[in-house]
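Asker: Below you will find the structure I want to go over with you.
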Amino acid sequence: MNNASEPSNVVDLSQRLDPRSERVGALLVTVRGLATKRLHALASNMFENIDDALFDLAEKAENNAAQTQFFDGMREVRKKRAIVERTFLGQVARDLADFSAGRTHAPETETVSRPLANIELSLVGENELEESLAITSMIGKNEQRLARALFAVNQRLSVICGGARMDDATNPVGPASLASAFRQAMRELMVEVRVKLIIYKLFDRYVLAGIDELYDDINNELAAAGVLPQLRHEIPTRRSDAPAPIGPVSNTVPGTPGGPAVPVTDAAAAEFMQSLHALFSARRGDTASPGMGGSASGTPMPTGPLPSAAELLGALTLLQSQIAVLPSNAAPLATQADVTRDVAQLKEQLLAQIGQLRGQQTAHVSGMDEDTIDLVGMLFEFILEDHNLPAEMQVMLARLQIPYLKVALLDRRLFAHKSHPARQLLDALADAAKGWSTEADRDGRLFDKVKSIVERLLHDFDDDVAIFTRLAGELQDFLDISRKRAELAEQRVAESTRGREKLEQARRRAAQEIVGRIGGASLPPLIYGVLTRAWANYIVLTLLRQGEESPEFRESVRFIDDFITSARPAHDANARRELRATLPGIERSLRRGLAAVAFQETDTEQLLGQLHAFYRQQLGEAAPETASGTIVSSVMPLPEAIQAIEEPVAEPEPDDEVEALSDDAFDERFLAQARELKVGQWLEFTAPDGTTDRAKLSWISPISGRYLFVNRRGLKVADHSLAGLAQAFAAGTGRVLDSTLLFDRAMDAIVERLRQPEAE
């Protein structure tokens, strides 16, 4: 891009300075000092952020190979940061020195300043092409973004040079020269092209995005020194076939033909759109004229002026009015096939509508507008194919194609700016819809909310993008209320599950202690009944309340040994003496334990009476008559786990879910996939009858390792073991839903699709 006109058109020739004068030398030193100081600070900030950016990307890498690339790149940058920074700043210093000596030249890398359309794609290596594309994009968008200030710098430096022509390409501190210097410095790094492109993006974000202040400093210093102090920052107006401005229409500067004198731009948006424009052009085969909508088949295009932004928006508004009313609750929504057809035909309908408004049979649009129309079309095609969304929600959201096309034509930052309100709204709608199902939304609250937002956009959106901010706020308020309710339900489910698992764990531990200490001994029914019923309950209660490391638990298991010992016959005087010494402690412990498990006092006395009779028999004394049976027989035993005491094998039976697993379930890929699940992720499960259910991983038990799943209302849907999940993944009955935002996934898929050769 060349924003400068001939100096004679702007600068009074009498103001030109002799480049050999001391005054000029001082001014050049000032410019060089300003540039060196500012660029050193910007470059340092960039390198500080490169490390963090590559580390974050490595943590989120899609596979091990990508993660290795990012970590290797991070280490290489750390190792060679100093030399890269020194090479970059050194090249800028040399360019400034050449400028001071009157040797102005364009950047050495030809592809940096050459238009994308002129790059011979077949003659450039794929990696070099991607690098050149990234650099060309960042130069073009920054020259456009900084057009006013850069034009003034060009003019003032031209005066210092004695009137020699100075433009964007030959300016030693222009985006083209700085990008060329950084590209030379990047040759010091041995990194993959993927990492290199990320570093170029960060150079754009942290260096080129910050040179506004450098240009302001240079302009202010030179103007204060008397170099063109009255210069107005005027630039040539944009051609009608140039890319449309990026930025809300309300931010344009009136009074210039064809749009604003300086479009409000955004770095990432300009870079992204220029990259996509190159991909679209290559895909179409460049059969249409530059800047014109065309047909790859060579169909002659209509002649005449391109439609203005107002015409495009007007035609879209007419089409929007035809679909503004969605069916009532009593009527079904359009089928997916109908909506898919409407999405595919919108471009054709729009061109026909513009033609009708102009009194023509057909119409055509600029290349950039056509790219935008196609891009939005591909976005909504992606939505209709996105398995993350239930079919009902796909149909609902696909109705928003026209409003989003209007937004894209008004503000192309939509495609590159994650904070764009329209983008945030669509991402929020899709994220909420991901967990929707008829069962989880029985009252229809979420469905009705999404439908209401879609209807309001279709009815009310004209060209005020602020409506997206308002609707996004309303949706967030709705989701916050729903989330709080769901979190309470989730908490109750998790606590209930945790409590049951702790109880089960305590039961199993009690069973193990009792069975292990009884061993193969044959105990009298009374002793056996006390241990496996009343005392087992006391051990469980002690474990739950005091824990395994508590003195109470140690005493409870010591009682088992003492109680078992007391059941052995006392054949001699020493044995009888030891038994008599032990009995008071046994009775105290038993009374305390029975009281803890809420034994009735009468039942406790009856049980102790039976034990007294038993011990008199052990001691050879006459025993009084007692009630038949044992009181402990009426005490409810511990379920499953304690009942296993009476079985030959004390270990619990294996989980039926694990027993039924196929060999495929234990393929390490599926086990690893299950292990990598994070709380908050959504999954879709398919039942044997073909019905599907969506559930969020709410909790992973630290005791059993089971995975608890809930629906969007926080109600339990299922719980699975690690092996059970692996089996579901292997069988295809379990599928993890992508947690990446809809817009990000769509853009990645679209770029990948554009890079692929079009099917014949």
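Asker: If the viscosity is 0.692 mPa s and the temperature 37 °C, what translational diffusion coefficient in µm²/s does Stokes-Einstein give for region 656-736 when Rh comes from Kirkwood over Cα pairs? Could you put the intermediate results ahead of the total?
Answerer: Values: Rh = 12.7 Å.
Answer from the Stokes-Einstein relation: 259 µm²/s.
Asker: A further question follows. In percent, how large is the relative contact order of region 308-485, given Cα pairs closer than 8 Å and 6 or more residues apart? Could the numbers behind the result be given before it?
Answerer: Working: 150 pairs, mean separation 45.1, N = 178.
In percent, rounded to a whole number, it is 25.
Asker: In nm, to one decimal, how far is the modelled label at residue 692 from the one at residue 668, with both set 7 Å along Cα→Cβ?
Answerer: 3.1 nm
Asker: Taking the Cα centroid of region 703-741 and of region 32-92, what is the distance between the two, rounded to the nearest whole Å?
Answerer: What the calculation gives is 40 Å, centre to centre.
Asker: Also, quick follow-up: Taking a 25 Å limit on the Cα-Cα distance, which of the listed pairs 201/678; 502/678; 141/406; 449/484 fall beyond it?
Answerer: 201/678
Asker: Follow-up question, since we're still on this one. Full-extension gain between residue 460 and residue 546, please, as 0.36 nm times their residue separation minus the C-alpha to C-alpha distance.
Answerer: Values: separation 86, 0.36 × 86 = 30.96 nm, distance 6.32 nm.
Using 0.36 nm per residue and subtracting the Cα-Cα distance, I get 24.6 nm.
Asker: So which trypsin sites (Lys or Arg not before Pro) in region 673-760 are both in a DSSP loop and have at most 15 other Cβ atoms within 10 Å of their Cβ? Show your work: numbers first, answer last.
Answerer: Values: sites: 675, 678, 694, 696, 706, 712, 713, 716, 735, 745, 753, 755; in loops: 678, 706, 712, 713.
Loop-located and lightly packed - 678.
Asker: Next question. Below 8 Å, C-alpha to C-alpha, sequence gap of six or more: please give me the relative contact order for region 19-232 in percent. Please list the in-between numbers first.
Answerer: Working: 208 pairs, mean separation 66.9, N = 214.
Averaging sequence separation for qualifying contacts and normalising by length gives 31 percent for region 19-232.
Asker: Could I ask something else about it? Determine by what factor the alpha-carbon radius of gyration of region 19-232 differs from 2.2 N^0.38 Å, reporting the quotient.
Answerer: Numbers: Rg = 18.3 Å, N = 214, 2.2 N^0.38 = 16.9 Å.
Against the compact-globule rule of thumb, the ratio is 1.08.
Asker: Across region 308-485, how large is the tail of the calculated P(r) beyond 25 Å, expressed as a percent of all Cα pairs? Provide the component values of the computation, followed by the final result.
Answerer: Numbers: 5059 of 15753 pairs.
Value for region 308-485: 32 percent of Cα pairs lie more than 25 Å apart.
Asker: Residue 59 to residue 335: extension gain in nm, 0.36 nm per residue of separation minus the Cα-Cα distance?
Answerer: Working: separation 276, 0.36 × 276 = 99.36 nm, distance 4.06 nm.
Length gained between residue 59 and residue 335: 95.3 nm.
Asker: Please state, to two decimals, what the Cα-based radius of gyration of region 467-554 comes to when divided by 2.2 N^0.38 Å (N = residues). Don't jump to the answer; show the numbers that get you there.
Answerer: On the way: Rg = 23.7 Å, N = 88, 2.2 N^0.38 = 12.1 Å.
Dividing the Cα Rg of region 467-554 by 2.2 N^0.38 Å gives 1.97.
Every number here is computed from the coordinates shown, using simple stated rules; none is lab data. Since the structure is predicted, the reported quantities are computational estimates derived from the model, not experimental observations. We place every Cβ from the backbone using ideal geometry, glycine too, and count neighbours over all the protein chains shown.
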